[in-house]
Amino acid sequence: DGGITQSPKYLFRKEGQNVTLSCEQNLNHDAMYWYRQDPGQGLRLIYYSQIVNDFQKGDIAEGYSVSREKKESFPLTVTSAQKNPTAFYLCASSSRTNTEAFFGQGTRLTVV
Amino acid sequence: LAKTTQPISMDSYEGQEVNITCSHNNIATNDYITWYQQFPSQGPRFIIQGYKTKVTNEVASLFIPADRKSSTLSLPRVSLSDTAVYYCLVGEGGGGADGLTFGKGTHLIIQP
């Protein structure tokens, strides 16, 4: 089945550790996005990529890093520089000509 | 400056028609208007998209006036399962120069 997969669903890390969240899509989409969602809040854009080997910062990129070495994959690293990393992280993809985005099921990251 | 403005919350009853309006005064020529639905702990799901006038699909209608500075999502005969957060998004395909940016959304609560 075509879709977008995030893993793991739940992730626990100790403060000060970097952690990488996986996002894979087999929809042949050029554009991919990472969002952060805090309880009761909307989605905030962290990074996005419209083509392989290129990506742009969103509204809250500080403390995060990404790579786009393959069209199918857009991993997000939450670094120790991110002051409040505990949140629900959502990955999405779309074609370059459409605003219909497909979302993964999310990764809930808890840093203790 | 927020791209879109929506009511924070709305209440309605089963069987009623619900209209959620979104303001986007600074919409650009290349921007489309897209609505998403999100349930707790899940990624948003695409509902409907339009550029101008009226669009209808099996779940909703989208009304866009000629000046495109606002849009209205219409949900016919809602049920309890329509309780969710609804996001209005304005942007170019693939995110354009700014990525796909979500606002705070409207929390719709349907009562029996």
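Observations on the model:
- Any chance B:SER12 is more than 12 Å from chain A (Cβ to nearest Cβ), within 18 Å of B:THR83 (Cα to Cα), surrounded by 13 or more Cβ atoms within 10 Å (Cβ to Cβ) and in contact (Cβ under 8 Å) with a residue 12 or more places away in the chain: yes
- Within region B:98-112, the set of residues being part of a strand (DSSP E or B) and either surrounded by fewer than 17 Cβ atoms within 10 Å (Cβ to Cβ) or touching a Pro at 6+ places or on another chain (Cβ under 7 Å) (or both) comprises B:THR106, B:ILE109, B:GLN111.
- One residue stands out in region A:88-111 among those that are among the aliphatic types (A, V, I, L, M) and surrounded by fewer than 22 Cβ atoms within 10 Å (Cβ to Cβ): the one that is farthest from the other protein chains (Cβ to nearest Cβ), namely A:VAL111.
- Unique match (being farther than 27 Å from B:ASP31 by Cα and either out of contact with any Ser or Thr (no Cβ under 6 Å at 6 or more places or on another chain) or away from chain B (no Cβ under 12 Å) (or both)) among A:GLY16, A:GLY58, A:GLY3: A:GLY16
- Tally, over region B:29-43, of residues that are assigned to a loop (DSSP other than H, G, I, E, B), surrounded by 12 or more Cβ atoms within 10 Å (Cβ to Cβ) and facing chain A (nearest Cβ under 8 Å): 2
Every residue, every condition in (1) aliphatic (A, V, I, L, M); (2) part of a loop (DSSP other than H, G, I, E, B), yes or no:
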residue	(1), (2)
A:THR20	no, no
A:GLU24	no, no
A:LEU27	yes, yes
A:TYR35	no, no
A:PRO39	no, yes
A:ILE46	yes, no
A:GLN50	no, no
A:GLN56	no, no
A:ARG68	no, yes
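- Within region B:71-97, the set of residues being part of a loop (DSSP other than H, G, I, E, B) and either buried (at least 19 other Cβ atoms within 10 Å of the Cβ) or in contact (Cβ under 8 Å) with a residue 60 or more places away in the chain (or both) comprises B:ARG77, B:VAL78, B:SER79, B:GLU92, B:GLY96.
Coordinate-derived values only; no laboratory data. Everything numeric here is computed off the predicted structure, so don't read it as measured data. Ideal geometry is used to build each Cβ from the backbone, glycine not excepted, and the neighbour counts take in all protein chains shown.
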